Every structure is written in C-alpha cells, then in structure tokens.
Amino acid sequence: MILLIVGLAALVLAVDQIAKAAVVAGLVEDERVAVIPGVLELVFVRNPGAAFSFAGGMTWIFSILACVVVATIAVLARRIHSVRWAVMLGLLLGGTLGNLTDRLLREPGFGSGHVIDFISTPWMMPAIYNVADMCIVSAMILFAWFSLLGLKLDGTREKANRTAPRG
C-alpha cells in the first residue's frame, strides 16, 4: 500500500505543480478567464494564508503544519492495508506536498511563500483554490466517510456494539 500512497501523492504533486506553472506563465494576476461562464473561471492569485486567505501573515505556521501532516502520513503508511485508506492518504499527502512546495519555494521566501490558486467556481463558493486543495478536501471527505462506516486501516469494519437493553 505504501507504493499506492506514494505513487498517487507523486501524481497529485506533479499535476498540481504543472498546473500552477502553466497559470504563472499564462495568466495575469487577478484577471478572470471564463472557461464556462458562471460555472468555472480561472483567476490567478497568490495566497499568503490558508483557505479564503485566512491568517495571511502566518504562512510559516502552515508550512510547519504541512510538515507535521507529511510526517504523520509517513508513520501511518506502514499500518495501511486498505486500498481505500491508501487512496485517501495519497490524496492528502500529494495535496499537502503541493501547497508545501509553494510555501517553501515561491516568493516572498522559504517557508513563507505564497500558494498559487487559480480555480474559481462562483456558483458553489466564493473561494479560489488549486488542484492540491481539491485533493486535500477530497481526502477529508473520504476520511469522514470511512470513519462513519467504521472502516479500519486494515480494511475491516469495526463491529457494532449491539447489546440488548436490559429491562
């Protein structure tokens, strides 16, 4: 399962960074390009914070948190024996590494670089996001779903505690 996690993470990271490079090379900052008017727009912004540019002056904290997430996934990866959980962790790892790469390597400097966001879906939410963000959100949805289903890291399900009421 480690190969699945790492392979999917590498794919997500590559797609994310290639898309961001294309955006930086081909779009002007803050310009809106309607792909499907009212549904999907491209808008190049440099995000110094988290979602909705929250905590813009604290980018270095998000860099540290991303490193903690990567380290945690590295430790957990050996315990995964489920394709479902491996996919979830691969998406999370790839997305985290995508945004961490921006924070480490982009302006204004190491650990405080701005994340490149460019996808806007105005019908759904006012946020502008990127491929890495989509993978992180998808991973969190899968995490919640698997947890609600009682799916363990080895792929088995937790047995429901069904004790008859005593009366």
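Laboratory data are not the source of any read-out in this text; all were calculated from the coordinates shown. Note that the structure is a prediction, hence the values are computed from the model and not measured. All Cβ positions, glycine included, derive from the backbone under ideal geometry; neighbour counts span all protein chains shown.
Values as computed for the structure displayed
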| item | result |
| --- | --- |
| The chain - Debye-derived log10 I(q)/I(0), Cα point model, q = 0.09 Å⁻¹ | -0.36 |
| Cα-centre dipole for the chain with unit charges at Cβ (Lys and Arg positive, Asp and Glu negative), debye to 20 | 1060 debye |
| Integer Hz, Karplus 6.51/-1.76/1.60 couplings in order for the stretch 111-122, x for Gly and Pro | x, 10, x, 8, 7, 7, 10, 7, 9, 10, 10, x |
| Length-normalised contact order of the chain in % [C-alpha pairs under 8 Å, at least 6 apart] | 29 percent |
| Degrees between helix 2-26 axis and first principal axis of the chain (Cα, 0 to 90, nearest 10) | 20 degrees |
| Residues whose placed amide H lies under 5 Å from that of Gly155, excluding near-sequence neighbours | His81 |
| In Hz, Karplus ³J(HN,Hα) per residue of the stretch 36-48 (6.51, -1.76, 1.60; θ = phi - 60°; x = Gly, Pro) | 10, x, x, 10, 9, 10, 9, 9, 7, 10, 9, 9, x |
| Peptide ranges 91-104, 72-85, 22-35, 126-139 listed from the most packed, as the mean C-beta count within 10 angstrom indicates | 91-104, 126-139, 72-85, 22-35 |
| Ellipticity estimate at 222 nm from DSSP helix runs (n ≥ 4, -39,500 (n - 2.57)) divided over the chain, nearest 500 | -17500 deg cm²/dmol |
| In degrees, nearest ten, helix 131-149 long axis to first principal axis of the chain (Cα) | 20 degrees |
| Translational D in µm²/s for the stretch 107-153 (Stokes-Einstein at 4 °C, 1.567 mPa s, Kirkwood Rh from C-alpha pairs) | 99 µm²/s |
| Amide H within-cut-off set for Leu40, under 5 Å, with H built and near neighbours excluded | Val35 |
| Phi-based couplings in Hz for the stretch 89-96 (Karplus 6.51, -1.76, 1.60; Gly and Pro marked x) | 5, x, 5, 5, 5, x, x, 4 |
